[in-house]
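J.: Here it is, the structure in full.
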Amino acid sequence: MSTDSSPAQPLPAPSPAASSPSPSTDLARLRAEALPRGVVTATPSLVSYAKNAIITDTQGKEFIDFAGGIGVMNVGHSHPKVIAAARAQIERFAHTSISVFGWESYIRLADRLNKKAPGTTPKRSFFVNSGAEAVENAVKIARAATGRPGIVVFSNAFHGRTNLTMGLTSKISPYKKDFGPFPADIYRIPYAYCYRCPLHLAYPACGVECAELLREGFENHFQADRIACLVVEPVQGEGGFVVPPPEYHAKLKAICEEHGILFIADEIQTGFGRTGRFFAMEHYGVEADIMTTAKSIAAGYPLGAITGKAAIMDVPGPGSIGGTFGGNPLACEVALAVFDIMEEERLPERALEIGRRVRERFLAMQERFECIGDVRGLGAMMAIELVEDRGTKRPATALTKAYRAKLYENGLVNIIAGTYDNVVRTLMPLTIEWETLERGLDIMEETLAQVTDTP
């Protein structure tokens, strides 16, 4: 990989097959008739086949995958061990419901999560279908354990699309617009967004004063002894890959402990090796009271998990937590395979190297392109924030959307993030081949030159 800021090699002209129209008129018409307009797909193509970090559409065009199904494919598409685990389970049985008839993989997966979760306190885990369900259950357990109703969350946070998790989520459009009312007893404070510091300070001279906004909230906005839990992403995902200072989460945790508030770490996007540790809270030296996981836990099969300190998790009585499909046997078998892949292929360590290479390229691009206001990330959770002016930091929303569309045309799948839709994030599989990674970064650089008319 180039270590200077010289331009990437120009992109070759697309082949006739690559420029052929995506899905057929009939299918496009059927989609419009069959799906509600609220279901949006970022790309017009239909997937035919995916292997590791390459997606092939029904027209035969290949795309480098820098989206990973929104952070779901950390072990890559169609990993042989995932396929083998799924195939073996399909041939045995599909479903009984954990409330009726248990199965081995559910128990073994819970045990592996308990042992892998940060901290030394004994843990318990159970399973649901999605990240939003995991967060809902974590809050439910926190309320039961503390006897309190209140929840503290953060600006720019995303926790799901159910009624409660929409309430916890910050961004209005498209996630919350017209979907209210939302539950009461949800309180929001600013997050440690250093590039756009809510206190207009600079790290490290600031002393991470933003963590004290929680304490300030007790004085002016909500009653501390009525708060059950604080729900926080170690690194904000949909909010724009916002990485707080190293001291931030420990300071929050200490304040929570002073007031008997449970600390819930939402590791749904950050977990399973993405940041260079198995769970991102390991970077911060914090043992959460409850942790939620989903996304890459099962390589694309629907699964969410709630893992917490045993004394807290055992508060709800028999039959009070669970669900019909939670911990589906197929998903649990695949998740066990994911654990094996993570450990055998040392994917958290590989994420660190991916992140190093991506950061190096992004910093070189920042020297070349005035529109890159910030380069940030942790491990392989890297992003650039595009702005119209580095002085004012005015979000370059239109440019970012045009950039994403052009990336697709040039053969790279990518998604944007941030409250202002001006953050370009990377969630490539941690198994991506180095050559494919470099080619993807070449496409990102050359495409940004195209949309900004930069020589």
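J.: Residues in the stretch 101-110: is at least one in a helix (DSSP H, G or I), surrounded by fewer than 19 Cβ atoms within 10 Å (Cβ to Cβ), of a type in the set (Lys, Arg) and at pLDDT 95 or above?
T.: We begin by selecting, within the stretch 101-110, every residue in a helix (DSSP H, G or I); these are 104-110.
Narrowing the set further to residues that are surrounded by fewer than 19 Cβ atoms within 10 Å (Cβ to Cβ) leaves 104, 107-108.
After this cut, where a residue has to be of a type in the set (Lys, Arg) as well, the list is 108.
Among the residues that remain, those that are also at pLDDT 95 or above are: 108.
The answer is yes, given that some residue of the stretch 101-110 is in a helix (DSSP H, G or I), surrounded by fewer than 19 Cβ atoms within 10 Å (Cβ to Cβ), of a type in the set (Lys, Arg) and at pLDDT 95 or above.
J.: Can you go through ILE306, ILE372, ILE290 and tell me which one is touching an Asp or Glu at 6+ places or on another chain (Cβ under 8 Å), in contact (Cβ under 8 Å) with a residue 12 or more places away in the chain and more than 20 Å from GLY68 (Cα to Cα)? Lay out the reasoning, then the answer.
T.: On the way: ILE306 fails: touching an Asp or Glu at 6+ places or on another chain (Cβ under 8 Å); ILE290 fails: touching an Asp or Glu at 6+ places or on another chain (Cβ under 8 Å).
Of ILE306, ILE372, ILE290, the one residue that is touching an Asp or Glu at 6+ places or on another chain (Cβ under 8 Å), in contact (Cβ under 8 Å) with a residue 12 or more places away in the chain and more than 20 Å from GLY68 (Cα to Cα) is ILE372.
J.: Which one is nearest to ALA288 (Cα to Cα), of the residues in the stretch 126-149 that are surrounded by fewer than 23 Cβ atoms within 10 Å (Cβ to Cβ) and touching an Asp or Glu at 6+ places or on another chain (Cβ under 9 Å)?
T.: Top of the filtered list is ALA145.
J.: For the stretch 118-197, list the strands (runs of 3 or more DSSP E) that sit wholly inside it and hold at least 2 residues that are β-branched (Val, Ile, Thr); which are they?
T.: Numbers: elements: 123-128, 150-154, 186-189.
Of the strands (runs of 3 or more DSSP E) lying wholly inside the stretch 118-197, those with at least 2 residues that are β-branched (Val, Ile, Thr) span 150-154, 186-189.
J.: Within the stretch 288-299, take every residue that is touching a strand residue (DSSP E or B) at 6+ places or on another chain (Cβ under 8 Å) and in a loop (DSSP other than H, G, I, E, B) and give me the one that is surrounded by the fewest Cβ atoms within 10 Å (Cβ to Cβ). Even if it seems obvious, please write down each step before you answer.
T.: Going residue by residue through the stretch 288-299, those that are touching a strand residue (DSSP E or B) at 6+ places or on another chain (Cβ under 8 Å) are 288-294, 297.
Keeping just the survivors that are in a loop (DSSP other than H, G, I, E, B) gives 288-289, 294.
Working: ALA288: 28, ASP289: 26, ALA294: 29.
Only one residue tops the list, namely ASP289.
J.: Provide a single number: the residues in the stretch 235-261 that are surrounded by 16 or more Cβ atoms within 10 Å (Cβ to Cβ) and touching a residue at least 60 places away in the same chain (Cβ under 8 Å).
T.: 10
J.: Can I ask one more? Just give me the residues in the stretch 407-436 being under 13 Å from the mean Cα position of the chain (by Cα) and not in a loop (DSSP other than H, G, I, E, B), in sequence order. Spell out how you get there, then give the answer.
T.: Within the stretch 407-436, the subset under 13 Å from the mean Cα position of the chain (by Cα) is 415-418, 425-429.
Answer for the stretch 407-436, where residues must be under 13 Å from the mean Cα position of the chain (by Cα) and not in a loop (DSSP other than H, G, I, E, B): ILE415, ILE416, ALA417, ARG425, THR426.
J.: For the stretch 69-80, does any single residue satisfy the condition of being over 24 Å from THR292 (Cβ atoms) and either among the aliphatic types (A, V, I, L, M) or not in a loop (DSSP other than H, G, I, E, B) (or both)?
T.: Yes; the residues of the stretch 69-80 include at least one that is over 24 Å from THR292 (Cβ atoms) and either among the aliphatic types (A, V, I, L, M) or not in a loop (DSSP other than H, G, I, E, B) (or both).
J.: In addition: Name every residue in the stretch 218-243 that is closer than 19 Å to GLU136 by Cα and not hydrophobic (A, V, I, L, M, F, W, C), in order of residue number. Spell out the reasoning first.
T.: Filtering the stretch 218-243 for residues closer than 19 Å to GLU136 by Cα gives 226-234, 236-238.
Those that are closer than 19 Å to GLU136 by Cα and not hydrophobic (A, V, I, L, M, F, W, C): ARG226, GLU233, PRO234, GLN236, GLY237, GLU238.
J.: Ok, one more. Does PRO118 satisfy the criteria of being under 27 Å from the mean Cα position of the chain (by Cα), modelled with pLDDT of 95 or more and over 21 Å from ALA299 (Cβ atoms)? Even if it seems obvious, please write down each step before you answer.
T.: On the way: under 27 Å from the mean Cα position of the chain (by Cα): yes; modelled with pLDDT of 95 or more: yes; over 21 Å from ALA299 (Cβ atoms): yes.
Answer is yes for this residue.
J.: Follow-up. Scan the stretch 330-358 for residues that are surrounded by fewer than 17 Cβ atoms within 10 Å (Cβ to Cβ) and either in contact with a strand residue (DSSP E or B) (Cβ under 8 Å, 6 or more places away or on another chain) or without any contact (Cβ under 8 Å) to a residue 24 or more places away in the chain (or both) and jot them down.
T.: GLU343, GLU344, ARG346, GLU353, ARG356
J.: Something else about it: Report whether or not ARG356 is at pLDDT 95 or above, under 19 Å from GLU433 (Cα atoms) and either in a strand (DSSP E or B) or basic (Lys, Arg) (or both).
T.: Numbers: at pLDDT 95 or above: yes; under 19 Å from GLU433 (Cα atoms): yes; either in a strand (DSSP E or B) or basic (Lys, Arg) (or both): yes.
Yes: the conditions hold for ARG356.
The values are calculated or read from the model by the stated rules, or taken from the named source; none is laboratory data. Predicted model, so just to flag it, every value in this text is computed and none were measured. Methodologically, a virtual Cβ is constructed for each residue, glycine included, from the backbone with ideal geometry; neighbour enumeration extends over all protein chains shown.
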